[in-house]
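Q: To start, I am sharing the structure in question, which I have written as structure tokens.
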Amino acid sequence: MTTAERAGAPDPAEAVPPDPSLADAPGPARRFWSVRRLPAVLVAAALLAASGLTLYDVVAVRAHRTGMAWRRALAHQLATRHLDDPWVLAGASLALLLGLWLFVLAVTPGLRRLLPLRTDDPDVRAVLDRRAAALVLRDRAMEVPGVRSVRVGVGRRVVRARAQAHFRALDEVRRDVDSVLTDAVRELGLTRAPVLSVRVGRPPKG
Amino acid sequence: MLRTVNRVVLGLAGLLLVALGAAVLTGGLDLVRRWHLPVPPEWPFDGPGDVLLPTATRQHWRAHGWWWPAVVGGLAVLVLAALAWLAAQLRPRRLRETVVDCGDGDTATVRGRGLEDAMAAEAAALHGVDRALVTLGGRRTAPAVRAVLTLAPHAGPAAVLYRLRTEVLRHARTSAGLGRLPAEVRLRAVRHRAERVG
């Protein structure tokens, strides 16, 4: 057998996690929360540009140099345009929508592409790429005899598998694919078990 | 930490924009009168005929002696804060070195990069893992691991995670003498062609 065998240690090549279905009731799905780096960079850059430019101009005027034309033009616009002016309304609507979007970005987790995994260890948090999950499931479904091609789409709640079988009866293949994928989904070890939807058809003639 | 700061600032900026936009819209569409909204007497936007910043108001504020120093000071604070926030996004956040407990009462300083490479090599050697990237974050005395593993074809994600936890992470924890080593693991896969069996 293997050389590095201690009592009770599993063979590294076959280390299998404890069966997820026997674990306790799942805790809350520990999703990763995105850092929101890009929105922060954009907002910070905009703030920096606006405040930096204004500061430079204010200091220049205080130092008895003429201010830039845009400041006087802006003051004039703010003092003369009425609130029902279409530009004002458009600008206010834009500000409202932008503000709403920033707020939504701030309070939602993001990273919807990553599915949380069970870890049985509060210090370790793990996620699986949705694309990776789809590939794993596709590989397992391809092992079923009769299956010519499979397309698997993994969502947060539903896994959709569409297979094409070129021999064997369709409902037999469907039953096999269903059981193989049910096991495979369980072996992914997700915190939230998705619902499986399997459809098998014949490949198009040609 | 950066996540929280970013989200708080983005949220506040969003609320500010919403408040400003809503205030101007209620004035411009005359909603105060139409919907009988209760507004305080100092509400700036009276109705569609009002303007955003009347000259009188502007000159009233400028007349104060403390106005311009306050403006310069406020803008300077804003510039510095924006600069600091921007710089925080672009910093790499990797641990330079971490303190390791040698087990005989001594402590040693280990280069963060060395520990990262060792863990990555061990993780890449795991069954079912194609490539591994490990970065160390957190504090000098309380490091945290961020690992991105690329799964080999036909690898089981839960099994790979289990091996990572019980081998690589446990090794790192015991060899560094750390009580706990928080880790964030991300599993991804490389696109590969489907192999038909039947």
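Taken together, the values in this text are just the output of simple stated rules run on the coordinates, not laboratory data. Remember, predicted model here, so these are calculated numbers, not experimental data. Glycine gets a Cβ as well: all are built from the backbone with ideal geometry, and neighbour counts include every protein chain shown.
Q: List the trypsin sites (Lys or Arg not before Pro) within region A:44-89 that fall in a DSSP loop (any state other than H, G, I, E or B) and whose Cβ has at most 10 other Cβ atoms within 10 Å. Could the numbers behind the result be given before it?
A: On the way: sites: A:62, A:65, A:71, A:72, A:81; in loops: A:65, A:81.
Those satisfying the criteria are A:65.
Q: Between residue B:194 and residue A:111, what's the calculated FRET efficiency when r is the beta-carbon distance and R0 is 25 Å? Round to 0.05.
A: Numbers: r = 27 Å, r/R0 = 1.09.
Between residue B:194 and residue A:111 the formula returns 0.40.
Q: Still on this structure, I have one more. About its Cα centre, what dipole magnitude does region B:2-90 give when the only charges are +1 on Lys and Arg Cβ and -1 on Asp and Glu Cβ, stated in debye to the nearest 20? Spell out each step's value before the answer.
A: Values: 6 positive and 4 negative charges, 51 e Å.
It works out to roughly 240 debye.
Q: Estimate the FRET efficiency between residue A:121 and residue B:70 by the formula 1/(1 + (r/R0)^6), using the beta-carbon distance for r and 45 Å for R0, to the nearest 0.05. Don't skip to the answer; put the middle values down first.
A: Working: r = 53 Å, r/R0 = 1.18.
Efficiency computed from Cβ-Cβ geometry: 0.25.
Q: Taking loop as defined by DSSP and a crowding limit of 14 other beta carbons within 10 Å, which chymotrypsin sites (Phe, Trp or Tyr not before Pro) in region B:10-101 fit?
A: B:35, B:66
Q: Any chance you could give the angle, 0 to 90 degrees and rounded to 10, that helix B:2-28 forms with the longest Cα principal axis of chain B?
A: Relative to chain B, helix B:2-28 is tipped by roughly 20 degrees.
Q: Pop out the ³J(HN,Hα) list for region B:32-39 in order, Karplus 6.51 cos²θ - 1.76 cosθ + 1.60 with θ = phi - 60°, rounded to Hz; leave Gly and Pro as x.
A: 4, 7, 5, 9, 6, 6, x, 10
Q: At 7 Å along Cα-to-Cβ for each site, give me the label-to-label distance between residue A:75 and residue B:121 in nm.
A: That separation, rounded to one decimal, is 6.8 nm.
Q: Another one. How far, in degrees from 0 to 90, does helix B:67-90 lean away from the longest principal axis of the Cα atoms of chain B, to the nearest 10?
A: 20
Q: With each pseudo-label sitting 7 Å past Cα toward Cβ, what's the residue A:97-residue B:104 distance in nm, one decimal?
A: Those two pseudo-labels are separated by 7.0 nm.
Q: Which of the trypsin sites (Lys or Arg not before Pro) found in region B:18-96 are in a DSSP loop and have at most 16 neighbouring Cβ atoms, other than their own, within 10 Å? Mind showing how you got there, number by number?
A: Details: sites: B:33, B:34, B:58, B:62, B:93, B:94, B:96; in loops: B:93, B:94, B:96.
Here the trypsin sites (Lys or Arg not before Pro) that fit, given the DSSP loop and packing criteria, are B:93, B:94, B:96.
Q: Angle between the Cα long axis of helix B:112-124 and the longest principal axis of chain B, 0 to 90 degrees, nearest 10?
A: So the inclination is approximately 60 degrees.
Q: Using 7 Å Cα-to-Cβ label points, what is the residue A:49/residue A:167 separation (nm, one decimal)?
A: 6.5
Q: List the longest stretch of chain B that has no exposed loop site; here a site is one of the GluC sites (Glu not before Pro) assigned by DSSP to anything other than H, G, I, E or B, with at most 14 other Cβ within 10 Å. Can you show the working numbers first?
A: On the way: sites that count: B:42, B:195.
No qualifying site falls inside B:43-194, the longest such stretch.
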